[in-house]
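Here is the structure we will look at.
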Amino acid sequence: MPYLGSEDIVKELKKALCNPHIQADRPRYRNVIQKVIRHMTQGVDVSSVFMEMVKASATVDIVQKKLVYLYMCTYAPLKPDLALLAINTLCKDCSDPNPMVRGLALRSMCSLRMPGVQEYIQQPILNGLRDKASYVRRVAVLGCAKMYNLHGDSEVDGALVNELYSLLRDQDPIVVVNCLRALEEILKQEGGVVINKPIAHHLLNRMPDLDQWGQAEVLGFLLRYQPRSEEELFAILNLLDSSLQSSSPAVVMAATKLFLILAKEFPHVQTDVLVRVKGPLLAACSSESRELCFAALCHVRRILRSLPGHFSSHYKKFFCSYSEPHYIKLQKVEVLCELVNDENVQQVLEELRDYCTDVSADLAQAAIFAIGGIARTYTDQCVQILTELLVLRQEHITSAVVQTFRNLVWLCPQCTEAICQALPGCEESIQDSEGKQALIWLLGVHGETIPNAPYVLEDFVENVKAETFPGVKMELLTALLRLFLSRPAECQDMLGRLLYYCIEEEKDMAIRDRGLFYYRLLLTGIDEVKQILCSPKSDPSLGLLEDQAERPVNSWASEFNTLVPMYSKACWAAISSLQVSEPRGPEPSGTGVLSPSGSLISENKAELQPLSDSGSFLLVPNGQLTAEQFEKTWLSLEVAHQEVLPWQGVAHPDTIQTALQMVNIQTIALSKAGVQPWKAYLSAQDGSGCVFLTELLLDPEHLQVRLSVKQSHVKAEALNSFISVLKTVIGTIVDIKS
Amino acid sequence: MISQLFILSSKGDPLIYKDFRGDCGGSDVAEIFYRKVTELPGDQPPVVMVHHKGHHFVHIRHFGLYLVVTTSGGVSPFIVLELLSRLATLLSDYCGSLSEKTLSLNVALVYELLDEVLDYGYIQTTSTEMLRNFIQTEAVVSKPFNLFELSSVGLFGAETQQSKVAPSSAASRPVLTGRSDQSHKNEVFLDVVERLSVLIGSNGSLLKVDVQGEIRLKSFLPSCSEMRLGLTEEFCVGKSELRGYGPGVRVDEVSFHGSVRLDEFESHRILRLQPPQGELTIMRYQLSDDLPSPLPFRLFPSVQWDRGSGRLQVYLKLRCDLPPKSQALHVKLHLPLPRGVASLSQDLSSPEQKAELGEGVLRWDLPRVQGGSQLCGLFQMDVPGLPDPPSPAPPLGLGPASLSFELPRYTCSGLQVRFLRLTAPGTPGNTSPHTWVRHLSHSDTYVIRI
């Protein structure tokens, strides 16, 4: 933030620092130095007084020394040559009789982030490690890590590492923890500090001496230790039992994570632990610190995913308070939605209904979607509440309710009738794109049971020119065509108008193409239209299962007490995908929390669209497999699947090749048209790297095609998805021909 | 592991900035952070935000200030958040209070503190006791503490009548006052503070009661003397335990600070500890659902909504169910109103009350409500241009009413401190320390649906 006049300020400071009168007057001198620091904080570049500050470091006044060292550490990278001048004073201070001065000098010297400082700091650090004052030893231990990181890619000094390992036995608890931290950084390349049995037990014994921060961090390091036997495991857990009752949430959480990870083979222990931390977690959820409360809520959600009933009896703790910030309310609504059971459903729904009319549109919509989530289990009550909300005729409420209805019709077909009855009248109070799309979809799919459906759609058709959202137009086209199939008389005229508009006037290419497609489809005959539009959908119960499946504790235990639960799923997926593309930062990879887990990503995809007919299986364009490689792999694998499909006529290689290319299936080799027997070899690869090799064999009568699929990794699910993709393609080719 | 730590004013000016590791960009991070946090879309939580390349911002807000750290991904959110709030306490311990002004007055002190608390981004120590050996700068207090100048305002602004009560700002001064100033050193402040969150349904049924209590100690005692703290003898924990005769004082859960010794707790409800200098939460407790005493306030609203003329009439009757000797202070009632409310005419039961419209909210201020009394207000408002709902229900946007108040010398759970005794090791010449014990309940959220 360099603002005007900063040059004058710096000049003035320089003058003041040089003034011998001020230098003689200690409080005044210190005051000027404070001023320099203040400007530094504000972002003014005061590096040009470096020389004067170096002079100021030669003083007996400790406060002044501290300020000057702070200044030097900030600007040393900019002025490395001048900073070397200060080294002398620092080195002298490192052998000061006062341990505080020694520590201060050593810490500052190690924090000078500039090249060439290593040779000066090495000896003072080694001396510091053997200092009799624990304060200096603490500083020296971390100084080792600083020195190593300054060096960059230098060799790890074995003697130093050994010395640090032996300092783990130091009397001072902070020195012990600092040793762990320093070793972790120095041995980063080799996977961090090694926790073997003696170290682990030593640390466990030192636990009571540590303060809360030390405890929390040591618990994190202990995650790395794998007990040799079951007895040892339970002995450790017994020792750590008191940590679960600590008054510091950080320690409780770290202990919980350790329990969950160590006891990964013992689900009942894990459940037990989660019961034990219920109290501390709930206390954190109603803590005065909003941020802590938020962190706790995020973790509660993780736990609920594995143990849905875990907090059910405490549902009242998750009721929103009036004064809470928005982000906490949204989290609480999510939690409420997940802990519903038979006993509390009534109260929770009443509470949520109250939020639906909240002044904040975001909270209102979140509450409506939450009721929609509960409706999967308690359909009737929820649909009734949602229907009542429509009476209010509020824009954001109606829109959210209709969107919820759309999902509900899909997931719980039994409520279709009630929803269809509630729909008339909604169209007047929906303005946003999402809401309109949902309404139009509902009218299109269930138009036969809604008396005025054609007239509502007609309104949309009338106003299509003024419609700004392309998504709405797209949905309108499909819905109207669907409705035309069930109620042709009322829809024919407006369908014509809409198609005319889309083909002749619409500027958006996607809509125009869709219009043209439907137009041509209609030309081929009504049966084809029916086949395309009313084709069987994927099983709705699948989406439900994927969404609500209980996840084992072990699936998230490694993410517990990290930043991962604090981000929303989508947000985290975005972050981790960023991290895939660029090389990982220098953070320790020991716990592996940052590596994007496959489950997160695939789960995200599955959640994207409960309505899309295709699943989450995706083929990716793979690196070209040469014919030789193909042959080799083909011969080495077993046939995973064989099937015979109907076929008609002669095979046209070009058509087949193009069609397969569209779904990312590569053609390796195929026979010329008309050759007997006609053969084709295909290869494809899915997102997880699984390769599928396929042989197509056409029988001489051209009535059947036999396909044999081989798979590089045995994955039944992926295989099924691949075969269904292949079948669709072949089916399409056959259809085009006939 | 923390890369940077900075404190921003509510307007985004950097007050304190310290880079521990130099791996996370320059001092413009403060600007980047402020831009991010202010431009965040409404539905995204601000606590944790992505910085870049695997670095994250974690922050807390404390009295309008942003305390922010940038950290790499593998860190525990609880450690960071706890550290930040501990830091806020530390800073107010050392600077007297935590605000933009005190921070800029004490820049040197704050940097000195940070230097000792964190080294290379690792937490070293946060105990006030240990740190004071290393801190050399003396705090600059924005307003010198003077016992005689202060008005008779009690804890949290509560008015006091007894002269024996310490002024509210008595506790908000640096723990380490200058070595010359010995006069106020031997003081101990003990607060029993309860936060009350209540939700009352529109039919008057009690949906939720939650009491979060804590016993806070702020000690200015220089040396380690032992403190014995006696709680109400009928105090019991959990649903099953019962002590003494009569109703007793019951809480659901209690947690104590690590330094509290509990050997006499079972038998006599006495806590023993050696109070360190500075602030310390000795005990936290929770109580939900059944309170021993009736709720402090009941609200009886009635709403009349005349659709034709667009006139909304709200009649509020507030009954205070405290014992007659107690009183509630600074009672404020907020009632959100439908959009577009234009005028307000009011009829209040006593002259010291005040009511006004502001930003779609009706505010009704009652400076003082005596236990057992009943107050009422009649409010008439014009609501033009409200789309009439076909149902006779009151229009959207009305309610729920929320109350905020303070109840000095009253605890909802009934917990009291019986005695507070200090056994100082022989420090001849020093007068025995002053001990101030205060009880207070205040509303966290007190919502009544209409």
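Toward the positive end of the charge dipole of the stretch B:283-394, with +1 on the Cβ of Lys and Arg and -1 on the Cβ of Asp and Glu, the farthest Cα among B:Ala328, B:Gln304, B:Gln346 is that of B:Ala328.
Spacing of the modelled spin labels on A:Thr524 and B:Gln374, each 7 Å from Cα toward Cβ, amounts to 7.9 nm. In the distance distribution for the stretch A:619-735, Cα-Cα pairs more than 17 Å apart total 51 percent. Its Cα centre serving as origin, chain A has a Cβ charge dipole (Lys and Arg +1, Asp and Glu -1) of approximately 2860 debye.
The rule of thumb for compact globular proteins, 2.2 N^0.38 Å, goes into the C-alpha radius of gyration of the stretch A:432-480 1.02 times.
For peptide B:19-25, the mean count of partner chain Cβ atoms within 10 Å of a residue's Cβ comes to 4.
The percentage of C-alpha pairs in the stretch A:339-423 whose separation is greater than 19 Å is 30%.
Zone of A:Asp81 (label point 7 Å along Cα→Cβ, backbone N under 14 Å): which residues in the stretch A:31-57? From the stretch A:31-57, the list is A:51. Translational diffusion of the stretch B:2-133 was estimated from the Stokes-Einstein equation, with Rh taken as the Kirkwood radius over Cα pairs; at 4 °C and 1.567 mPa s the coefficient is 87 µm²/s. This ranking places A:Ser57, B:Ser288 by how few other beta-carbon atoms lie within 10 Å of each, fewest first, which gives B:Ser288, A:Ser57.
Sorted fewest first by neighbouring Cβ atoms within 10 angstrom, A:Phe517, A:Phe266, B:Phe6 come out as A:Phe517, A:Phe266, B:Phe6. Taking other residues whose beta carbon is less than 14 angstrom from the beta carbon of A:Val177, and scoring Lys, Arg as +1 and Asp, Glu as -1, yields -3. The length gained by stretching the chain between A:Ala570 and A:Ala418 to full extension, at 0.36 nm per residue less their Cα-Cα distance, is 51.4 nm. Using every pair of separate Cα atoms, the Kirkwood estimate puts the hydrodynamic radius of the stretch A:78-231 at 16.3 angstrom. Taking the inverse of the mean reciprocal distance over all distinct Cα pairs, the Kirkwood hydrodynamic radius of chain A comes to 32.2 Å. Approximating the spin labels as points 7 Å out from Cα along Cα→Cβ, the A:Gln648-to-A:Cys18 distance works out to 9.8 nm. Restricting the stretch A:465-501 to GluC sites (Glu not before Pro) that sit in a DSSP loop and have at most 16 other Cβ atoms within 10 Å of their own Cβ leaves A:Glu467.
Seen from A:Tyr315, the other residues with C-beta closer than 11 Å to its C-beta sum to a net charge of +1, counting Lys and Arg as +1 and Asp and Glu as -1.
The calculated P(r) of the stretch A:433-523, using every Cα pair and 5 Å bins from 0, goes 3, 16, 30, 27, 18, 6, 1 in percent. Counting Cβ atoms of other protein chains within 10 Å of each residue's Cβ and taking the mean over peptide B:212-218 gives 1.
Rounded to the nearest 500, the 222 nm mean residue ellipticity of chain A from helices alone is -19000 deg cm²/dmol, with -39,500 (n - 2.57) taken per DSSP H run of at least 4 residues.
Expressed as a fraction of 2.2 N^0.38 Å, the C-alpha radius of gyration for the stretch A:196-235 is 1.16. Rounded to the nearest 0.05, what FRET efficiency do A:Ser242 and A:Gln122 have when you use their Cβ-Cβ distance and R0 = 51 Å? The calculated FRET efficiency here is 0.80. Across the stretch A:213-306, the fraction of Cα-Cα pairs farther apart than 24 Å, rounded to a whole number, is 19%.
Taking the number of Cβ atoms within 10 Å of each Cβ as an exposure proxy, the fewest-first ranking of B:Met130, A:Met53, A:Met253 is B:Met130, A:Met53, A:Met253. Take each residue in A:361-367, count the other chain C-beta atoms within 10 Å of its C-beta, and the mean is 1.
Computed from the coordinates by the stated procedures, all read-outs in this text should not be read as laboratory data. Just so you know, these numbers come straight off a predicted model, no measurement behind them. Don't worry about glycine lacking a Cβ; one is built from the backbone with ideal geometry, like all the others, and counts go over all protein chains shown.
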